[in-house]
Amino acid sequence: MMQYYSNPRMDRFLNFYCPLVVAWFPWYWFSGDVAHLRRMAGKIQWNNAEGGIKKSILLVKTLVWPLHALPSIFLVYYSQKSNALRVSGRSGIRQLKELFYFTYCWGFAPQDYYERRMYVEELSSTLPFFLSERELTVLSVWINDRWDETIVNNKALFADSSRKMGLPIPEEFAQFKDGQILIPVDGQVSLPGKSLYLKPVSESVGRGIERWTYESSNKAWCFGNEELNDKELIDHAIELSRKDIYVLQEMLSNHPSIECFSEGGLITFRVVTIGGYEKEPEILAAYMSVPMGNAIANHEKYGGLRIEIDLQTNRLKKAFAKQPRPAIYTTHPVTGVQIEGARIEEWSGIAKLASRAQRAFPGVFLIGWDVALAPDGPKLLEGNTLSGSFQGFFHGRTTYPERYLNEYRRKTNDAGSTQ
């Protein structure tokens, strides 16, 4: 797997944004549902800061934000300008001008300009529809049902709930917690003669996943340079569970219709759905994630390709890679298989499963579903309440603002009627 290196302190510095953008004068007077949602996010943050000290800290952060933003702009610019120029042809001078406008007039973190590929389209055509991931998080936390949100975010709880509701998920053979076997309850784990994934429930973007390939000749599982028998693999999982809950589940393979896009690793689909209690689920966006080589994870941070699906035609758009450097492809960079324009023949089954899953968790307003297309059909891997703000995906261009405001009014009215 390609290694992804980051500096957490630098990431926090570059992603610092104006916490009370509602008070940022040049921006405040813009109209429209997206502007309304941004003001709401600022007010929610202010109301959640209980007590004078927390509110004072929030005010201080807002006041120092312009000074903080200046070095952030130049640090991001000098590290990313060449990549953006190569991908879009946008000159460095234009990027710098847009960075200042994006940051100081609209109150966004400079890092978002490059993370969300704002340099690909005309900035004036995207800014009115842009919501940062931090704002989406604030809005989601306010409106989501806490219990539904907890279930979706916890891999173990999600698997149990999905199984009970009849949603197709990978077969699970055991759960481990605090150095003990949690499931099966009798502690007797029976392993199948096939390859398995060992996953931590609290990690994301593929971190901590181990792929144990079954070797039938010696009845053992192999991962890297390790080779373990049944008992040794179970003991290994028990030891890992002292730090996190781990699940042992079947390793899926790709459906024949999409095998051509992979070099061996598992392809997944991220389907972003919107729900609520009063309307049927709707798919806002969908992406196909392709791992490079035979990597365990297909996330962009590990060199994976992210490919948007045209929801009108079920065809793939251009592929985007983030590592080792940003690039756009119309064909697979290794195999040469045509990507742009290729049709996902099994898309209807994937879409139906995502909508069905959203319907099962109406208390979570926005979910990014990870779905695998296995030989026997689509399988639900997990849901993400932070659905991911992908490059080129702008929530304001969808029905998200209108539906969120309607759901907000419904929840506010329900709260008022019970008082």
Fully extended contour minus Cα-Cα distance, from Asp186 to Asp235, at 0.36 nm per residue = 16.1 nm
DSSP H segments from the chain that extend 18 Å or more along their own axis, Cα-based, with Kyte-Doolittle mean of -0.5 or above = 52-88, 347-360
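Report the Stokes-Einstein translational diffusion coefficient (µm² s⁻¹, integer) for the chain, Rh taken as the Kirkwood radius over Cα pairs, at 20 °C with viscosity 1.002 mPa s.
Using the Kirkwood radius from Cα pairs, D works out to 92 µm²/s.
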Report the local net charge at Asn154: Lys and Arg +1, Asp and Glu -1, summed over other residues whose C-beta lies under 15 Å from its C-beta.
-> -3
Place the peptides 396-406, 112-122 in order of packing, highest mean first, counting for every residue the other Cβ atoms within 10 Å and averaging per peptide.
-> 112-122, 396-406
Find how much the distance from Asn294 to Arg343 grows on full extension, using 0.36 nm per residue of separation minus their present alpha carbon separation; answer in nm with one decimal.
-> 15.3 nm
Where a ≥ b ≥ c are the square roots of the eigenvalues of the C-alpha gyration tensor, would you call segment 231-365 rounded, which needs a/c under 1.5, or, failing that, prolate if a/b is larger than b/c, or oblate?
-> oblate
Could you give the distance between the Cα centres of segment 135-155 and segment 186-253, to the whole Å?
-> 29
State, to one decimal in nm, how far the label point of Arg409 lies from the label point of Arg325, with both points 7 Å from Cα in the Cβ direction.
-> 5.1
Relative contact order computed over segment 8-143 (Cα-Cα under 8 Å; 6+ residues apart), in percent = 35
Please tell me which of these pairs span more than 24 angstrom C-alpha to C-alpha: Lys199/Lys243; Lys155/Lys379; Lys243/Lys379; Lys317/Lys352; Lys199/Lys379?
-> Lys243/Lys379
Sorted by average packing, counted as other Cβ atoms within 10 angstrom per residue and highest first, what order do 30-38, 354-362 take?
-> 354-362, 30-38
Expected 222 nm ellipticity per residue - DSSP helices of 4 or more, -39500 (n - 2.57), all of the chain, to 500 = -11500 deg cm²/dmol
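Every number here is computed from the coordinates shown, using simple stated rules; none is lab data. Quick caveat: nothing in here was measured; it's all calculated off a predicted structure. With ideal geometry, Cβ positions are generated from the backbone for all residues, glycine too; neighbour counts draw on all protein chains shown.
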